[in-house]
Each structure stands twice: as structure tokens, then as C-alpha cells.
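A.B. asks: Starting off with a structure, shown below.
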């Protein structure tokens with residue numbers, strides 16, 4: 001990697017992490033033409049938005065495999081680990097099978113970072129590397145993560161992974177580092193360009209609406225209308241962490 | 001209180017035994033550093049830790065040493081804060097031991113980080129909602145306060161002020177252990193933690209582990225340096241250790257009884273107390289049996305409790321039981337599956353719903369032991385170059401009014 005490209009990657013990364021706008025990326029890295037993207041965010045993240053998802057657990061379970069594969073391809077995890085050890089390989093999103101032992105009823109659903117409004121991982125992080133943007137997206141600033149894994153102890157959903165070995169095949173928008181913690185970013189790099197997270201897009205490309213992404217604060221958005229129409233659940237809502245990911249059918 | 005007529009003197013430390021001890025400790029520390037290099041070079045893939053059991057053996061050693069550090073300060077606190085003059089001659093060693101234990105524990109904790117090279121980040125960027133961030137202040141503050149306290153005890157002009165410093169150190173150490181226990185107490189999601197009792201339980205554990213370490217240290221050091229150690233001070237510490245073991249046991253009983261009462265916690269209790277395999281074994285056999293009940297029997301049985309060897313064996317067992325207790329808390333608490341969907345059967349490629357396996361790897365164990373070696377090396381060097389140890393702890397020196405009773 002040349003010095004020039006390194007600078008470009010660093011700059012865009014930092015702006016994403018700081019909740020920076022696509023417009024700022026354009027100013028600082030002239031080669032990037034994000035200006036043309038429709039509905040791109042043009043200012044810093046604000047709490048006017050609350051990004052969230054609605055997941056329909058009644059959907060056929062194989063769609064979740066497609067969501068997982070889309071995430072791997074987009075973010076570059078799960079492809080090149082040298083040891084391929086399932087206990088240490090990262091998983092940013094996974095398909096969880098749930099069965100009621102009394103009735104035998106079953107469901108499958110994807111579980112990823114739930115982007116809590118009151119995230120325990122952010123509370124416990126000593127350096128502030130685990131952070132929540134104003135629009136509700138929970139991220140890890142890999143520049144100041146010291147790899148203490150306290151966030152992994154605190155996350156009620158086991159949604160974070162520790163990078164146990166050297167990583168290869170990193171995406172320019174998602175640098176990863178051995179010795180730091182990572183998790184679903186809600187595809188913040190896409191969301192800031194006005195796009196959908198990769199998992200949602202992959203599923204909607206199949207013609208399925210099993211995953212809906214959008215702004216929960218916007219009453220006209222598809223997700224806000226859906227969550228006001230159907231009774232939805234959030235995993236471990238008893239903990240009061242207010243996840244941004246809603247589920248139907250569990 | 002009678003004027004302190006104790007004579008403190010550096011140990012000789014010129015014999016082959018001393019240098020071979022220092023050499024072995026140095027070797028263990030070097031092995032620990034080599035383990036760190038190995039772990040950092042390859043990543044934590046070479047350890048037994050996983051994405052489910054994220055804290056392993058290094059954390060067991062680190063937490064044990066940090067907890068014992070505050071406990072080791074008790075001898076000094078008892079003399080300064082509570083005016084028990086019998087303990088006064090050992091106050092200096094108590095302070096140095098506390099500092100050494102904390103340094104050893106922190107070394108292990110820091111060197112196990114995914115990015116230990118970013119220690120400066122941890123020292124400059126703080127999230128003040130994090131108990132970890134508070135602990136950074138509690139730990140560094142402990143070093144500063146205990147060092148000042150030690151200096152006041154050793155500098156003749158400052159001795160009148162040492163009581164105030166001792167009081168501050170005592171309050172600080174309570175805060176420090178509260179902070180350490182709360183690392184687990186504040187984890188709302190995991191049924192093995194999430195309990196306010198963690199803080200006072202860790203304080204009781206610290207009294208017990210710290211004193212057990214201190215009793216062994218004093219007995220071995222006095223024997224090795226050929227200085228007299230009377231039964232009076234030893235028996236006083238023995239009685240105190242008995243009370244502390246019982247206190248730690250009390251909190252353990254309260255913790256599990258409370259959990260057993262709530263149907264919500266039936267799973268974790270069944271796991272630890274009945275069907276958790278290694279964790280159940282460590283809990284009942286090592287922590288409760290070998291580490292609590294057996295030492296109590298040894299300490300209060302006249303045949304063993306009045307012999308130095310009996311007290312040392314009991315103290316060693318308390319340390320082994322303490323390591324087991326922390327292993328059960330830290331690793332057992334993570335091995336038990338996270339209740340993502342309470343009441344449901346769960347499975348996934350990320351091992352949801354199953355008991356997570358963990359086996360300590362050699363580098364982890366060596367790193368943990370190197371923390372203990374660091375503690376011992378600091379003490380060995382300190383007592384050679386500073387007048388910390390009284391020349392005599394004979395009964396007549398410890399208490400001039402003492403008349404042998406038994």
C-alpha cells in the first residue's frame with residue numbers, strides 16, 4: 001500500500017468513526033465522489049435519526065445464510081482466517097436457531113449487534129473506544145481499542161468478536177486489527193451514503209422483506225410504519241438497553 | 001501506646017540462597033515476557049481464550065494478586081487505624097507487600113491486553129462511566145497513597161502523621177476492592193455476575209487471601225534470615241485469618257443462597273453447584289473444602305494451629321482455594337451460556353446455548369506465574385535495600401507485657 005492510499009483510507013475511516021459526513025470525506029479525499037449519492041448524509045450524525053431494523057423471524061431460515069454471507073463479503077470477515085477455528089473466528093452476524101422446549105415451536109433469526117440505546121459495551125469500555133453515534137449506531141474506534149474485551153463480557157447478545165490473529169483481505173472502509181474488538185457496524189459506511197446495510201440489501205434483492213432497515217424516528221419510513229402496525233419484540237428487553245433491532249415472530 | 005522501639009534492618013541478602021532466589025524469579029519473569037511476545041506476535045489464537053471465554057487464566061492470576069494486594073495492607077491498617085500495636089512492627093512490610101502484589105497483578109492484566117502497546121491510550125483517554133476507568137485511578141492512587149504511608153512510617157519526622165495516611169490507605173483499599181468486585185457486579189447480562197454482593201465478597205476475599213500470603217511471607221522470610229519469630233504475632237495472625245476465611249465463606253453462602261431462591265438463577269446455580277464439571281469440582285472440593293473448611297480446621301485444631309508449619313499449610317490452602325474461587329467466578333461465569341432467549345433452547349455456529357469450553361494454555365499460565373514472581377522479586381529487593389523487617393518478632397519484642405500462657 002502506498003503512502004497516498006494509506007492517507008486516503010485513514011481519513012475516510014476517521015470521519016466515519018466520528019460520525020462525519022460524506023461531504024467531509026469529499027473535501028478531505030478528492031478522489032471520492034460521494035456527492036452524487038442520493039440521500040447521502042451531509043452533516044454529522046444527529047439524534048434526529050434513530051437507525052434500526054425490523055427482522056421477520058417467520059421468514060424461511062435460509063435467507064439468514066444469505067444475510068451472513070453478504071456481511072462477510074461486505075466487511076471482509078470470516079474469509080481469510082488462517083486457523084479457521086470456530087471458537088476464535090469472528091462472527092459479526094449469525095443465524096440463531098430457537099426452539100421452545102415445551103411446545104416444540106422453532107424459529108431462526110439473525111443476531112448481530114443490537115445497536116442499543118443504552119449499550120452496556122459503551123458503558124464499560126475504559127477508553128471510550130466503544131461508542132454510540134448520535135443516530136444510535138454502536139461502533140468500536142479501533143484506534144483506541146486496547147483489546148481488554150470488557151465490552152465482550154458486558155454485551156448481552158454475544159455480538160462482539162475479538163480478532164485473535166492477523167487478518168487479511170480487509171476492506172478499505174473497514175480496517176480490522178489483531179488484538180482489537182469488532183462487531184456489526186450497521187454498515188455505517190453505506191448508511192452514511194444513503195444506502196442500506198449489506199445484509200438488508202442482499203435479502204431485498206431476493207424480493208424478500210424479511211429485513212427492513214430505516215429511521216425509527218421518521219414516522220413515514222417503512223420501518224416506523226411496520227413497528228407501529230405489528231407487535232415486535234426486542235431481545236432481552238428486560239435489561240432496559242433499548243436495542244435498535246426489532247423482531248417479529250419469536 | 002508505647003513508643004515504637006522496634007529496630008528495623010535490611011536483610012543480609014549476600015548468601016547463595018538469596019541470589020538463587022532472585023535468579024529464579026528473574027527467569028520466571030523472563031519466561032512470562034517471552035509468553036507475552038508469543039501471544040502478541042501470533043495473537044490470542046495461541047491461548048485457550050475464545051470469543052466466548054474472553055478472560056482466561058491471566059485474569060485469574062491478575063484479579064487474585066490485585067485482591068490480595070489490598071488484603072496484605074490490613075496488617076498496617078490494623079496497627080495504624082485500629083491501634084493494635086502488636087502488628088505495628090510488620091506495618092512496613094505489609095505496605096510493601098501490598099504494593100508488590102498490585103504491581104504483579106497489574107503487570108499480568110496489562111500484558112494480556114490485545115494491544116498492550118496502547119497502554120498510553122488507557123492512561124490518557126477515559127470513559128468515566130466505566131468501572132475499569134475508575135479502577136485505573138484507584139490502582140494508581142493506591143500506589144501513591146501506600147508509598148506515602150510507607151514513607152511516613154519510615155521517616156521519623158513524619159511518624160505522627162502516619163496514622164492519618166494509614167486511615168486514607170484503609171479507606172482507599174476498601175474502594176479499590178469494591179472497584180475490583182464491581183467489574184463483575186456491574187455485568188448486567190451474565191447470570192454468574194450482576195450482583196451487588198460481588199463488592200463486599202471481594203473485600204472479604206481480599207482480607208483472607210492477602211493475610212494468607214502475608215503469613216507465608218513473614219514465616220519464610222524470618223526463617224530464611226535467621227531472625228526470631230515468636231508465637232504471639234503468628235497466633236494473632238492465625239486467629240485473624242480464621243475470621244477472614246469465615247467472612248469470605250459467609251459471603252459465598254449468601255451469594256448462592258440468594259441465587260438459589262430465584263428461579264431465574266436456577267441454571268447458573270445448578271451449573272456451579274451440581275453439574276458444571278471442573279467448576280463444580282473447583283467450587284466444592286478446592287474452594288470450600290481445601291480452601292476454606294480444611295484451613296479452618298487446621299488453624300483451630302490445637303495440634304496444628306499451634307505449629308508454624310500448620311499455619312503455613314493452612315495459608316497455602318487458602319491461596320489455592322482463592323485461586324479456585326476466582327477461576328470459578330471468572331471462567332465459570334463465562335462458560336455458562338449467555339441467556340439470549342431465556343427459557344428457550346438455542347443453537348448457532350457461535351456456540352449459543354452450550355457450555356463453553358476453556359483449557360488454560362501454557363503461555364497464559366506462565367504469564368500468570370510471572371506476575372507472582374514479579375511480586376516476590378519486588379519484595380526480595382525491597383527488604384534487602386530498605387529497613388522494613390524488624391530484627392526480631394519474638395514475643396517479648398512484640399509485646400513487652402506478654403507472659404507465656406500456653
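Values quoted throughout were computed directly from the atomic coordinates according to the rules given, and no laboratory measurement underlies them. Values in this document were obtained by computation on a predicted structure and should not be read as measured data. So basically every Cβ, Gly included, is an ideal-geometry build from the backbone, and we count neighbours across all protein chains shown.
A.B. asks: Calculate log10 I(q)/I(0) of region A:130-197 for q = 0.11, 0.19, 0.21, 0.29 Å⁻¹, where I(q) comes from the Debye formula with a single equal point scatterer on each Cα and nothing for solvent.
C.D. replies: -0.27, -0.81, -0.98, -1.43
A.B. asks: I would also like to ask the following. Neighbour counts of other C-beta atoms within 10 Å: give me B:27, B:388, A:216 arranged from fewest to most.
C.D. replies: Least crowded to most crowded, the residues run B:27, A:216, B:388.
A.B. asks: A further question follows. Which of A:160, A:149 comes first, and how do the rest follow, when ranked by fewest Cβ neighbours within 10 Å?
C.D. replies: Placing the least packed residue first, the sequence is A:149, A:160.
A.B. asks: Which residue, B:33, B:119, B:296, has the most motion in a Gaussian network model of chain B that connects Cα atoms within less than 10 Å?
C.D. replies: B:119
A.B. asks: Something else about it: Can you tell me the 0 to 90 degree angle between the C-alpha axis of helix B:16-42 and the longest principal axis of chain B, rounded to 10?
C.D. replies: 20
A.B. asks: Given 10 Å bins starting at zero, what is the percent of C-alpha pairs of chain B in each, up to the one with the largest pair distance?
C.D. replies: Using 10 Å bins, I get a P(r) of 5, 22, 32, 26, 12, 4, 1, 0 for chain B.
A.B. asks: Quick check: pseudo-label points 7 Å beyond the Cα along Cα→Cβ at residue B:308 and residue A:229, how many nm apart are they?
C.D. replies: Spacing of the two 7 Å Cα→Cβ label points: 8.4 nm.
A.B. asks: Same structure again: What Kirkwood radius, in Å to one decimal, follows from the Cα pairs of region B:19-107?
C.D. replies: Its Kirkwood hydrodynamic radius stands at 15.4 Å.
A.B. asks: Can I ask one more? Can you give the Rg/Rh ratio of region B:220-364, where Rg is from the C-alpha atoms and Rh is the Kirkwood radius?
C.D. replies: 1.12
A.B. asks: Hey, another quick one. Once both axes come from the Cα atoms, what is the angle between helix B:91-111 and the longest principal axis of chain B, in degrees from 0 to 90, rounded to 10?
C.D. replies: Orientation of helix B:91-111: about 30 degrees from the principal axis.
A.B. asks: What is the distance in Å between the Cα centres of region B:250-326 and region A:129-163?
C.D. replies: First find each Cα centre; the distance between them is then 35 Å.
A.B. asks: Quick one: give the max-minus-min coordinate of the C-alpha atoms of region B:78-147 along each principal axis, largest first, in Å.
C.D. replies: Between the extreme Cα coordinates on each principal axis of region B:78-147 lie 46, 23, 15 Å.
A.B. asks: Related question: Count, for each residue of B:351-357, the Cβ atoms from other chains sitting within 10 Å of its Cβ, then give me the mean as a whole number.
C.D. replies: Going residue by residue through B:351-357 and averaging, the value is 3.
A.B. asks: Which three semi-axes in whole Å describe the equivalent ellipsoid of region B:185-248, each the square root of 5 times a Cα gyration tensor eigenvalue, listed largest first?
C.D. replies: 34, 12, 6
A.B. asks: On to the next question. For the residues B:378, B:243, what sequence is obtained by ranking on other C-beta atoms within 10 Å, fewest first?
C.D. replies: Placing the least packed residue first, the sequence is B:243, B:378.
A.B. asks: Right, another one. For region A:45-248, what ratio Rg/Rh do Cα atoms give with a Kirkwood hydrodynamic radius?
C.D. replies: 0.94
A.B. asks: If you find the alpha carbon centre of region B:117-158 and of region A:61-105, how far apart are they in angstrom?
C.D. replies: 43
A.B. asks: Moving on to the next point. Taking chain B as the reference, fit the longest principal axis to its C-alpha atoms, fit the long axis of helix B:131-154 to the helix C-alpha atoms, and give the angle between the two in degrees, 0 to 90, nearest 10.
C.D. replies: Once rounded, one gets 10 degrees.
A.B. asks: Hey, what D do you get for region B:290-406 in µm²/s if you plug the Kirkwood alpha-carbon radius into Stokes-Einstein at 20 °C and 1.002 mPa s?
C.D. replies: Answer, rounded: 111 µm²/s.
A.B. asks: What ratio of Cα Rg to 2.2 N^0.38 Å holds for region A:73-151?
C.D. replies: Rg over 2.2 N^0.38 Å, computed on Cα atoms: 1.38.
A.B. asks: Return the equivalent ellipsoid semi-axes of the protein assembly as shown as a descending list in whole Å, where each equals the square root of 5 times an eigenvalue of the C-alpha gyration tensor.
C.D. replies: 53, 27, 21
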